[in-house]
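Q: Below is one structure. I have some questions about it.
The values are calculated or read from the model by the stated rules, or taken from the named source; none is laboratory data. Being a predicted model, the structure only gives us computed values, none of them experimental. Here Cβ is always computed from backbone atoms with ideal geometry, including for glycine, and neighbour counts include all displayed protein chains.
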Amino acid sequence: DQQVKQNSPSLSVQEGRISILNCDYTNSMFDYFLWYKKYPAEGPTFLISISSIKDKNEDGRFTVFLNKSAKHLSLHIVPSQPGDSAVYFCAASFYNSGNTPLVFGKGTRLSVIA
Amino acid sequence: DGGITQSPKYLFRKEGQNVTLSCEQNLNHDAMYWYRQDPGQGLRLIYYSQIVNDFQKGDIAEGYSVSREKKESFPLTVTSAQKNPTAFYLCASTRDRGLGTHNEQFFGPGTRLTVL
């Protein structure tokens, strides 16, 4: 059973507009969430994270929102740029996990159209 | 430069042959992981190791084997028992900051394995 779900396999957005990528989780014990960005034939790179004690974390054009009651998080990219075109993975972990593996969603492919 | 290296970038093997994928890190990270990526499947965990000489199976360990004899190395062997070995393989690592901490995973560039 998937614990981290990204229900939109793909998303197309015009350059300059906002991109919103969504992620839902089922395990209420998750308390730390991460977003990774991946280009084809490359390894994922860390983008931004959020702890469950916060509901928002911002880093430049990227903002992650967390709604714990809905078990939902979203990544906002404003403004979107063609270089943002990639696959975005949502991941989750437990506070007391030490080095236990992250749980990943299946990813959302973002296409930013110039 | 600190990082994770995976070699080779592309690997071709004949069906029925075992093949070993290399993963090396010079980040002094304690834990290392192997994932497999297939189209539409996201990242699926094969094996992970939190300390030297110890490793655990992930969600799809069947047909794979690993070793962790050195902290910086975590090779993955794809055996002939793996039914669908053609995939993109990713290695990752984290530094152990102890329980109660969050550990971001750093990924290598990946190896594309094609079994003919």
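Q: Which pairs have Cβ atoms under 6 Å, sit 6 or more apart or on different chains, and link a residue in the range B:85-103 that is within 7 Å of chain A (Cβ to nearest Cβ) to one that is modelled with pLDDT under 70 and surrounded by 15 or more Cβ atoms within 10 Å (Cβ to Cβ)?
A: Final answer for the pair search is B:LEU99/A:GLY98.
Q: Just for the range B:1-45: of the residues that are within 13 Å of another protein chain (Cβ to nearest Cβ) and aromatic (Phe, Trp, Tyr), which one is nearest to B:PHE55 (Cα to Cα)?
A: B:TYR33
Q: If you don't mind, another one. On the basis of being loosely packed, with under 14 Cβ neighbours inside 10 Å, on the phi < 0 side of the Ramachandran plot and either over 12 Å from the mean Cα position of the chain (by Cα) or not charged (D, E, K, R) (or both), does A:SER85 make the cut?
A: no
Q: Let me ask something additional. Which one of the conditions (1) more than 15 Å from A:TRP35 (Cβ to Cβ); (2) surrounded by 12 or more Cβ atoms within 10 Å (Cβ to Cβ) does A:ASN57 fail to meet, given that it meets all the rest?
A: Here A:ASN57 clears every test but (1).
Q: Next up: Out of (1) free of Cβ contacts under 8 Å to residues at least 40 places away in the same chain; (2) within 17 Å of A:PHE89 (Cβ to Cβ); (3) surrounded by fewer than 12 Cβ atoms within 10 Å (Cβ to Cβ), what's the single condition that is false for A:ILE50?
A: Of (1) free of Cβ contacts under 8 Å to residues at least 40 places away in the same chain; (2) within 17 Å of A:PHE89 (Cβ to Cβ); (3) surrounded by fewer than 12 Cβ atoms within 10 Å (Cβ to Cβ), only one is false for A:ILE50: (3).
Q: Sticking with this structure for a sec: For residues that are basic (Lys, Arg) and outside any loop (DSSP other than H, G, I, E, B), scanning just the range B:47-84, find the one that is surrounded by the fewest Cβ atoms within 10 Å (Cβ to Cβ).
A: Residue satisfying both the conditions and the ranking: B:LYS70.
Q: If you take the residues of the range B:9-46 that are under 16 Å from B:ASN84 (Cβ atoms) and charged (D, E, K, R), which of them is surrounded by the most Cβ atoms within 10 Å (Cβ to Cβ)?
A: B:ARG36
Q: Tell me which strands (runs of 3 or more DSSP E) are completely within the range A:45-107 and hold 2 or more residues being within 13 Å of chain B (Cβ to nearest Cβ), or say none if there are none.
A: A:45-51, A:86-94
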